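Since every read-out is calculated from the coordinates, none of them should be taken as a lab result. Computed from a predicted structure; not experimentally measured. Virtual Cβ from ideal backbone geometry, glycine too; neighbours counted across all protein chains shown.
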Amino acid sequence: MTEELLAYLLDDLSPQRRAVVERRIEIDPAWRRELERLQQCLAAGGDPQQCGCEDVAPPEDLLTRTCFLVEQACCCQEDQPKNTLDPARTPAAGARPLGGKRLSPERCTGELARPWTLWDVSIGAGVLLALAALMSPALYETRAAARRLTCDDKLKTLGTALYDYQANHAKQLPPVLPGQNAAMFAVSLRDGAGLTEEALAQLLVCPESPLAIAVSAGRVRFDLPDRREIENASPQRLDALMQRIACSYAYRVGYYDVEDQYQQLPYTGDPQMPLLSDAPQVTAAGVRAANHGPGQNVLYECLGVKYRTNYLAENRDHFYLNQAGRHAAGLGEEDVVLIHPQRTPFGEVLPIVNAE
């Protein structure tokens, strides 16, 4: 720009080029400012070389002019000449370029859009894989934490229902008798704590448990049997009824006293006494966590929930094994055991068979 303006002032341009420069001076404020600077420099007796080499600040409208030139280069019109500096085709001052139409991908020419090469695709795929590798663990941890909190809330709601039940039953919690599985407490909550079967269907399924997947897939439905039917059932019929109760949580059952009589544990409000927890996975090799990674959510009688990575209560016995090392009812009043919902106090397994 500066060299052309100097040549213009020194009358060293061809008639065609002079007309182009005059048109640019007419429509471009930056050209006019530079022309005025050069005129002042030459009028003060300055050397044309020094006037042309003077450092000047970038024009304020540099971004606007650059976008205008990019739009002229990228946008296509069949009647638009490639020489955008032609005075006959350059927009007048204040006019919107190219008939006022904005830049759009559909109007860009294919000459400027280079197709992707195999190298471009490889780099893009590598970047996406790197991002996925960085984000996947964080997304998994966030989802697992959210499900653990949901399970925490469900246990607290069930704990409130258990508290209401014992308040109306002389501090006795829902009993689980020999021949009944530990999930029997849900029937007592429905009949004696004001929880509907629809509410229990939501509360008794931990979102991180295998049961949640089976329920979501329609392989298991929630179906609590009638208490009177349970009380009048034969042993074979009782087993069938117990197998209809779907639950994700282990429940505290009773114990056998010195006379080998099965007794229920009363409610005391002890903050170290567990009531419910995520059901563990019980195998011949032992007991391990099944739902939330290395630990389990545990509800205590104080209605608080803790996430435990070990199963030893303070100054008490193992949460899921009695003193004989079996996943069954305790062998004394101090032998507190949480039983898997599909197991009886004797340790017998009654799997869910209420598939649709």
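Ranked by how many other Cβ atoms sit within 10 Å of their own Cβ, fewest first, the residues 305, 287 fall in the order 287, 305. Amide H to amide H, with H built 1.01 Å from N, residue 339 comes under 5 Å of 251, 252, 253, counting only residues 5 or more places away or on other chains.
Work through the residues other than residue 269 whose Cβ is under 13 Å from its Cβ and net out their charges, Lys, Arg +1 and Asp, Glu -1. Could the numbers behind the result be given before it?
Details: positive: 171; negative: 270, 301.
Local net charge: -1.
For residue 332, the residues 5 or more places off, or on other chains, whose built amide H falls under 5 Å of its own are 256.
Based on other C-beta atoms within 10 Å, arrange 344, 2, 283, 150 from fewest to most.
Values: 344 23, 2 16, 283 9, 150 13.
Ranking 344, 2, 283, 150 by Cβ neighbours within 10 Å, fewest first, gives 283, 150, 2, 344.
Residues whose amide H lies under 5 Å from that of residue 173, counting only those 5 or more places away or on a different chain, are 267; hydrogens are built 1.01 Å from N in the peptide plane. Counting neighbouring Cβ atoms within 10 Å and putting the fewest first, the residues 352, 123 line up as 123, 352. Couplings 3J(HN,Hα) of region 322-327, computed from phi: 7, 5, 8, x, 9, 7 Hz, in residue order, whole Hz [Karplus 6.51 cos²θ - 1.76 cosθ + 1.60, θ = phi - 60°; x for Gly and Pro]. All other residues with a Cβ under 14 Å from the Cβ of residue 156 taken together, and with Lys, Arg as +1 and Asp, Glu as -1, what is their net charge? Charge balance near residue 156 sits at -2. Each residue of region 153-167 is assigned a 3J(HN,Hα), and the resulting list reads 5, 5, 5, 5, 5, 5, x, 5, 5, 5, 5, 4, 5, 5, 5 Hz, derived from the Karplus form 6.51 cos²θ - 1.76 cosθ + 1.60 (θ = phi - 60°), x at Gly and Pro. Pairs of C-alpha atoms in region 144-339 farther apart than 24 Å represent 37 percent of all such pairs.
Rounded to whole Å, give me the distance from the Cα center of region 166-192 to that of region 194-258. With region 166-192 and region 194-258 each reduced to a Cα centre, they are spaced 12 Å.
Remark: relative contact order (region 144-339) = 21 percent; criterion is Cα-Cα distance under 8 angstrom and separation of 6 or more residues.
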